[in-house]
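The values are calculated or read from the model by the stated rules, or taken from the named source; none is laboratory data. Bear in mind that the values here come from a model prediction, so they are computed numbers and not experimental data. Cβ placement follows ideal geometry from the backbone for every residue including glycine, while neighbour counts extend to all protein chains displayed.
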């Protein structure tokens with residue numbers, strides 16, 4: 001067994017270090033360059049047995065996932081992450097080095113260094129990630145802002161993470177199957193979020209709890225309704241998984257000028273987002289192909 | 001039982017809301033004013049059974065403590081906290097409202113609003129707090145920087161938190177005894193940290209793991225030794241509790257000009273910090289009244 005300070009020093013070597021003038025891991029707090037424009041702040045936790053099943057996922061997957069979930073919130077504002085803080089609470093036997101391999105991969109993929117955090121012994125593995133981002137002096141895309149008549153877009157097919165979990169549990173797919181990867185290694189859509197903002201997206205949210213719940217947040221905040229024509233379902237996923245599975249981290253956004261969206265995504269070399277319906281003036285309207293949209297979606301319950 | 005979104009909406013009403021132009025709780029990420037000067041980032045977790053015993057502490061104490069631990073890291077840089085993110089992982093029956101009463105008290109005391117976070121069901125209560133602060137265009141006080149000959153100061157007596165825990169467990173003191181409050185309601189020393197910086201402190205750290213461990217971090221980072229004359233012990237605390245108990249959140253700092261320290265603290269209306277010894281040129285020297293300083297202090301252990 002090794003004390004936390006020695007472990008932190010070891011983990012630090014798995015991660016990139018600071019440029020001149022900044023202090024990252026190793027002092028009471030990290031000292032970093034301020035953001036360009038407004039500061040974005042968000043935090044999320046990934047909990048063993050709730051979000052991740054360690055019989056199916058590696059600890060590197062947990063590290064990746066914890067980073068991705070927090071970075072995805074910044075993607076959903078159309079902005080850029082700058083710095084992450086990671087707090088790992090876990091049993092003493094936890095292979096934190098392996099967890100940090102996944103963290104380091106996410107640091108590289110998202111260009112979002114880990115500048116500090118905490119390491120604490122506990123019974124149940126809990127990884128909390130806080131991310132600071134920048135608005136770069138432009139207005140972020142909020143949940144509020146969608147207008148009646150706006151087209152509703154989603155950046156990709158949904159339900160892949162939930163289907164991957166189901167099929168991994170059933171032993172029907174291997175760990176490197178695309179649906180398994182959708183569950184183990186979800187990707188925060190940073191480039192898509194920035195393209196949507198550049199294309200004048202009026203509102204945006206990431207699909208963390210399931211399309212039905214997350215589009216509900218956007219519509220509630222905007223005071224509009226939505227008539228969806230269809231929901232794009234990933235691979236062997238079911239419609240229920242696409243609507244309520246969550247953890248896909250695709251982005252749902254609304255835009256007044258669909259032609260501008262198509263041109264902006266093409267110019268950025270990104271796959272075209274899928275137009276799945278329109279916003280309507282009746283804030284109570286939530287339909288899919290004329291039928292009421294199921295009130296599905298994952299929520300934690302408290303008293 | 002209530003879904004997390006409804007609970008978050010209820011908790012939000014316990015907390016102050018944003019000024020015009022900022023978005024706090026309720027979107028994918030908070031959008032806030034950037035810091036003046038450099039950005040400080042820090043995160044800490046408080047875990048049931050590790051840092052807090054729920055038979056002795058109320059959930060409001062846990063909320064207060066989680067905020068204080070993270071804010072204390074900013075105090076130890078001589079800086080000002082700006083925003084906090086709070087992630088609560090806990091059993092569904094957790095009285096999160098009571099936890100947030102303590103959070104709200106800390107928000108007011110530290111002038112550090114909660115702008116976002118996460119709420120997740122788990123088996124063991126874990127409260128993670130990330131804090132963003134500002135340097136206000138001045139150099140923060142790091143752990144490195146102490147010079148041989150610098151006077152070593154501590155902002156108050158130590159061991160109170162550990163003694164409070166011991167005496168609460170033994171039923172020897174009530175919940176409002178000063179030592180019980182030192183354990184239940186530790187105070188981040190923001191004003192003292194800023195005064196130390198204004199007085200030219202060369203290095204600073206907060207006493208979270210115990211004086212012996214924390215001054216060790218400062219001396220290691222600075223490459224100097226220390227000869228301490230005495231350790232100020234709080235009330236009925238023992239010397240071991242003062243050296244190794246931790247969670248007092250007093251600040252330890254070094255300064256080249258003790259007269260400037262006395263004048264600055266007096267001018268700020270703060271209790272004078274206690275001069276407990278001097279830095280020495282031998283980086284291996286760690287003595288208390290001529291004897292080796294015990295290598296005490298709390299650490300979490302990992303493989």
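Some notes on this structure:
- Residues considered: A:181, A:190, A:219. Of these, the only one that is surrounded by fewer than 22 Cβ atoms within 10 Å (Cβ to Cβ) and either modelled with pLDDT of 95 or more or farther than 26 Å from residue A:294 by Cβ (or both) is A:181.
- Helices (runs of 4 or more DSSP H) contained entirely in the stretch B:118-218, each with at least 1 residues that are within 14 Å of chain A (Cβ to nearest Cβ): B:190-198
- Of the criteria (1) in a helix (DSSP H, G or I); (2) farther than 21 Å from residue A:30 by Cβ; (3) out of contact with any strand residue (DSSP E or B) (no Cβ under 9 Å at 6 or more places or on another chain); (4) more than 14 Å from chain B (Cβ to nearest Cβ), which one residue A:98 fails: (4)
- Criterion: modelled with pLDDT of 95 or more, more than 18 Å from the chain's Cα centre (by Cα) and either outside the structural domain of residue B:79 (by TED's automatic domain parsing) or over 17 Å from residue A:44 (Cα atoms) (or both) - qualifying residue of B:147, B:158: B:147
- The combined condition, being at pLDDT 95 or above, more than 27 Å from residue A:288 (Cα to Cα), outside the structural domain of residue A:54 (by TED's automatic domain parsing) and buried (at least 22 other Cβ atoms within 10 Å of the Cβ), is not fulfilled by residue A:170.
- When B:93, B:104, B:109, B:75 are checked against the criterion of being at pLDDT below 95 and either surrounded by fewer than 24 Cβ atoms within 10 Å (Cβ to Cβ) or facing chain A (nearest Cβ under 9 Å) (or both), B:93 stands alone in meeting it.
- Checking the stretch B:243-256 against the condition returns no match, with no residue being without any contact (Cβ under 8 Å) to a residue 12 or more places away in the chain, under 19 Å from residue B:189 (Cβ atoms) and more than 14 Å from every other protein chain (Cβ to nearest Cβ).
- Evaluation of residue B:264 against (1) crowded, with 20+ Cβ neighbours inside 10 Å; (2) touching a strand residue (DSSP E or B) at 6+ places or on another chain (Cβ under 7 Å); (3) at pLDDT 95 or above (one fails), failing number: (2)
- Screening the candidates A:275, A:297 for the property of being modelled with pLDDT under 95 and either within 14 Å of chain B (Cβ to nearest Cβ) or touching a helix residue (DSSP H, G or I) at 6+ places or on another chain (Cβ under 8 Å) (or both) yields one hit, A:297.
- Subset of the stretch A:19-47 (residues that are more than 8 Å from chain B (Cβ to nearest Cβ) and in contact with a helix residue (DSSP H, G or I) (Cβ under 6 Å, 6 or more places away or on another chain)): A:25, A:46
- Residues considered: B:235, B:269. Of these, the only one that is at pLDDT below 95, away from chain A (no Cβ under 14 Å) and over 18 Å from residue B:217 (Cβ atoms) is B:235.
- In summary, residue B:50 fulfils each of the numbered conditions (1) more than 8 Å from chain A (Cβ to nearest Cβ); (2) in a loop (DSSP other than H, G, I, E, B); (3) under 16 Å from residue B:183 (Cα atoms) with the single exception of condition (1).
- Subset of the stretch A:78-90 that is touching a residue at least 40 places away in the same chain (Cβ under 8 Å) and out of contact with any helix residue (DSSP H, G or I) (no Cβ under 8 Å at 6 or more places or on another chain) - its residue that is farthest from the other protein chains (Cβ to nearest Cβ): A:82
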